[in-house]
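Read-outs throughout are calculated quantities, based only on the coordinates presented, and are distinct from any laboratory measurement. None of these values were measured; they are calculated from a predicted model. Methodologically, a virtual Cβ is constructed for each residue, glycine included, from the backbone with ideal geometry; neighbour enumeration extends over all protein chains shown.
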Amino acid sequence: MRCPFCSHEDSQVKDSRPTEDGSAIRRRRQCEDCGARFTTFERAQLRELTVAKSGNRREPFDRAKLERSLAIACRKRPVPPERIERLVSSIQRQLETTGDSEITSEMIGELVMDGLKALDPVAYIRFASVYKDFREARDFEAFAGSVGELGRE
């Protein structure tokens with residue numbers, strides 16, 4: 001593994017352990033050249049996923065991009081980082097088990113919406129405001145009203 005500090009090619013694994021949810025292996029490494037320590041994570045990947053975006057664009061699925069989107073939606077909310085990590089792992093697992101190597105950005109968006117609805121209502125509305133492209137306050141009111149009605153059922 002290349003050192004992120006000095007770019008030396010070799011590092012030594014000092015400690016390995018599973019993450020809390022068991023979806024990855026956390027490894028503490030030390031660079032053999034500069035001695036710096038850093039952490040890496042290894043995850044099982046069932047298949048290479050390609051995301052079909054609007055305008056016929058294609059790009060590889062990026063787990064980090066999904067994590068950032070969820071972290072932004074949950075910013076300053078009482079949502080522990082472990083819950084976000086579990087949601088990201090769950091969404092990725094659902095996408096990988098569809099049987100298709102190409103998925104749509106809409107499919108990802110809907111899975112995120114479903115996950116956030118169960119996780120935190122404010123984060124759900126925040127994400128929806130970007131995903132559904134709210135243009136004015138009325139859009140927020142209409143969506144929040146429909147969310148409120150769902151909660152009363």
Inset, instruction - For region 9-24, just list the computed ³J(HN,Hα) in residue order, Karplus coefficients 6.51, -1.76 and 1.60, θ = phi - 60°, integers in Hz, with x standing in for Gly and Pro. - result: 6, 10, 9, 10, 6, 9, 7, 10, 7, x, 6, 4, 8, x, 8, 8
Legend entry - Cα Rg, Dmax (largest Cα-Cα span) when computed across region 67-153, Å: 13.6, 40
Legend entry - Per-bin percent of Cα-Cα distances, region 1-44 [10 Å]: 32, 46, 20, 2
Inset, instruction - Pull the list of the chain cysteines that no other Cys approaches to under 4.7 Å, Cβ to Cβ. - result: CYS74
Legend entry - Peptides ranked, highest mean first, by Cβ atoms within 10 Å: ranges 53-64, 124-135: 124-135, 53-64
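Placing unit charges on C-beta atoms (Lys and Arg positive, Asp and Glu negative, everything else neutral), compute the dipole magnitude of region 1-44 about its Cα centre in debye, rounded to 20.
Values: 9 positive and 8 negative charges, 27 e Å.
Dipole magnitude for region 1-44 comes out near 140 debye.
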Inset, instruction - With the cut-off at 28 Å, report for the chain the share of all Cα pairs above it, as a whole percent. - result: 36 percent
Inset, instruction - Only Lys, Arg, Asp and Glu count, each charged at its Cβ (+1, +1, -1, -1), so figure out the dipole size of the chain about its Cα centre, rounded to 20 debye. - result: 440 debye
Inset, instruction - Enumerate the amide H contacts of LEU49 below 5 Å, restricted to partners 5 or more residues apart or on another chain; note that Pro and chain-start residues carry no placed amide H. - result: PHE61
Legend entry - Net charge contributed by nearby residues that have their C-beta within less than 13 Å of SER16 (K/R +1, D/E -1): +4
Inset, instruction - Using amide H atoms built 1.01 Å from N in the peptide plane, name the residues 5+ places from ALA36, or on other chains, whose amide H lies under 5 Å from its own. - result: CYS31
Inset, instruction - May I ask you to derive the relative contact order of region 1-44, considering only C-alpha pairs under 8 Å and at least 6 residues apart, and to give it as an integer percent? - result: 33 percent
Inset, instruction - Quickly estimate the mean residue ellipticity at 222 nm for the chain, helices only: each DSSP H run with n ≥ 4 gives -39500 (n - 2.57), and the total goes over all residues, rounded to 500. - result: -14500 deg cm²/dmol
Legend entry - GNM flexibility winner over the chain from GLU102, GLU110, GLU136 (Cα, springs under 10 Å): GLU136
Inset, instruction - Could you tell me how many degrees, from 0 to 90 and to the nearest 10, lie between the Cα long axis of helix 137-152 and the main elongation axis, the longest principal axis, of the Cα atoms of the chain? - result: 90 degrees
Inset, instruction - May I ask you to sort ARG37, ARG29 by Cβ crowding, counting other Cβ atoms within 10 Å and putting the fewest first? - result: ARG37, ARG29
Inset, instruction - Would you tally the net charge around ARG26, using a Cβ to Cβ cut-off of less than 11 Å, leaving ARG26 out, and scoring K and R as +1, D and E as -1? - result: +2
Inset, instruction - Grab the other residues whose beta carbon is less than 14 angstrom from that of THR98, score K and R as +1, D and E as -1, and report the net. - result: -4
